[in-house]
Amino acid sequence: MTRFKLLPPAPETLDGVVEAQRAVPLVPGTEDDCCARLVRRLALPSRDVARTWLTFLRALGLAAERESGFVRLTREPTPGYLRAAFLDGVYGAREINDALGPRPVDADAVFERFEARVPEWERHKDPARWRDTWRERVDHLLDWLVLLDLAARESDGYVAAEPPDGSVENGG
């Protein structure tokens, strides 16, 4: 399965994912059309942010790229589905989740545990800034894990959390 790297900052609630999915057209459209629609409907600050959301929705299996363009998939974004899709479809999500346990770990320590998994070509692509870029991605991953109830934020770091209903639905 392809795993995508891009992910936006986590919204306040999972309703943000539902709104983003609804902003993707049911009738295939070009990337430019889809991004313009996401910017307009979600009041996003730029096309780049919209492209990140579109990529992220693809990672979650809520949107797809077809020959004729991008299209919304009719999958229901339930919390259990989103948990499984996030862990399966977003690069680093499973690894960051697995790095957490019952004892709090701060974000810097989580990044240190993950750092070796940053693809080599990413390090060469931007040698001066790759750590900053990936450190920010780890922060976003942690925020998403908290939003999805897979982790909890405590005063001294992050801990693994059992989803409230104990479920992580099969994304298949």
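The values are calculated or read from the model by the stated rules, or taken from the named source; none is laboratory data. Bear in mind that the values here come from a model prediction, so they are computed numbers and not experimental data. Glycine also receives a Cβ, built like all others from the backbone with ideal geometry; neighbour counts cover every protein chain displayed.
Starting from residues that are among the aliphatic types (A, V, I, L, M) and over 10 Å from the mean Cα position of the chain (by Cα), keep the ones in the range 83-100 and report whichever is surrounded by the most Cβ atoms within 10 Å (Cβ to Cβ). Quick ask: steps written out before the conclusion?
Step one: of the range 83-100, the residues among the aliphatic types (A, V, I, L, M) are 84-85, 87, 90, 93, 96, 99-100.
Next, from what is left, pick out any that are over 10 Å from the mean Cα position of the chain (by Cα): 84, 96, 99-100.
On the way: Ala84: 20, Ile96: 26, Ala99: 21, Leu100: 21.
Here the residue is Ile96.
Every residue, every condition in (1) over 21 Å from Phe56 (Cα atoms); (2) among the charged types (D, E, K, R); (3) touching a Pro at 6+ places or on another chain (Cβ under 8 Å), yes or no:
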site	(1), (2), (3)
Ala109	yes, no, no
Pro127	yes, no, no
Arg137	no, yes, no
Asp156	yes, yes, yes
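Restricting to the range 101-117, and then to whatever is over 17 Å from the mean Cα position of the chain (by Cα) and either on the phi > 0 side of the Ramachandran plot or of a type in the set (A, V, I, L, M, F, W, C) (or both), can you tell me which residue is surrounded by the fewest Cβ atoms within 10 Å (Cβ to Cβ)?
Within the range 101-117, the match that is surrounded by the fewest Cβ atoms within 10 Å (Cβ to Cβ) is Ala116.
Would you mind finding the one in Pro9, Pro79, Pro25 that is buried (at least 17 other Cβ atoms within 10 Å of the Cβ), in contact (Cβ under 8 Å) with a residue 12 or more places away in the chain and not assigned by TED's automatic domain parsing to the domain that holds Trp134? Show your work before the answer.
Numbers: Pro9 fails: buried (at least 17 other Cβ atoms within 10 Å of the Cβ); Pro25 fails: buried (at least 17 other Cβ atoms within 10 Å of the Cβ).
Checking each option against the conditions leaves just Pro79.
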